[in-house]
Amino acid sequence: MQRIMPEQAIHNDQIQENPAMKRLPLLAIVTAIASLLPLIGCTCAILFLTPDHTPRLLTAAVGYGAVMLSFLGAVHWGLALEQPDIVPVGGTQRLTNMRLALGGVPAIIGWAGLCAATVRELAGLLILIAGFVIVGIGQRMAWQRGAMPRGYLTVQWFVICLAELCFLAILAACMGMRPAQ
């Protein structure tokens, strides 16, 4: 079997799957989708309960969004630290260093969102919205370079897009655009 180095995964703007990566297990897909349930619950509660519940629910949604961002970054740490290497030796040190360095960025964005939410809840929500966009772009770039398991990007795009829809619905509700009660 020919091994493709992450740096070699893109040729002439074509995306190639890295055969050195294992397939994404079904359990990973199920738990990734299930991880949206707390955020969907907070969103529905904000939309359909009376507005006096909104501040606490918004705090819960921002807190959970920060946790989700942290986990998205932690996946890269796990890939970097997995032994034996899941990609061939010879050129993986750069990839490992990038994963370790950039894997902490989503946690920092989540923390910034939490801190901002203590002063102004919507500011924290806006930081999370931007953070999920940044993470989505980063995930795609990693996938384009053959540095992510097969199927991972599809699942992550689904999770990120649904999380963004929840955050946008919460933002709309907090700005007075609620469904009729």
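Which count do you get for residues in the stretch 112-149 that are farther than 20 Å from Ile160 by Cβ and under 16 Å from the mean Cα position of the chain (by Cα)?
The qualifying residues number 0.
Assess whether Val159 counts as being in contact (Cβ under 8 Å) with a residue 40 or more places away in the chain and either β-branched (Val, Ile, Thr) or part of a loop (DSSP other than H, G, I, E, B) (or both).
yes
Of all residues in the stretch 46-88, how many are surrounded by fewer than 18 Cβ atoms within 10 Å (Cβ to Cβ), modelled with pLDDT under 90 and not in a helix (DSSP H, G or I)?
7
Taking the stretch 135-156, which residues are assigned to a helix (DSSP H, G or I) and either in contact with a helix residue (DSSP H, G or I) (Cβ under 6 Å, 6 or more places away or on another chain) or at pLDDT 95 or above (or both)?
Selection gives Val135, Gly136, Gln139, Trp143, Leu153, Val155, Gln156.
Can you tell me how many residues within the stretch 128-156 are among the small types (Gly, Ala, Ser), at negative phi and touching a residue at least 40 places away in the same chain (Cβ under 8 Å)?
Result for the stretch 128-156: 3.
Of everything in the stretch 30-45, what is in a helix (DSSP H, G or I), modelled with pLDDT of 95 or more and not small (Gly, Ala, Ser)? Give them in sequence order.
Hits for the stretch 30-45 are Leu37, Pro38, Leu39, Ile40, Cys42, Thr43, Cys44.
The values are calculated or read from the model by the stated rules, or taken from the named source; none is laboratory data. These figures come from a predicted structure and were not determined experimentally. Please note: Cβ atoms are built from the backbone with ideal geometry, for glycine as well, and neighbour counts cover all protein chains shown.
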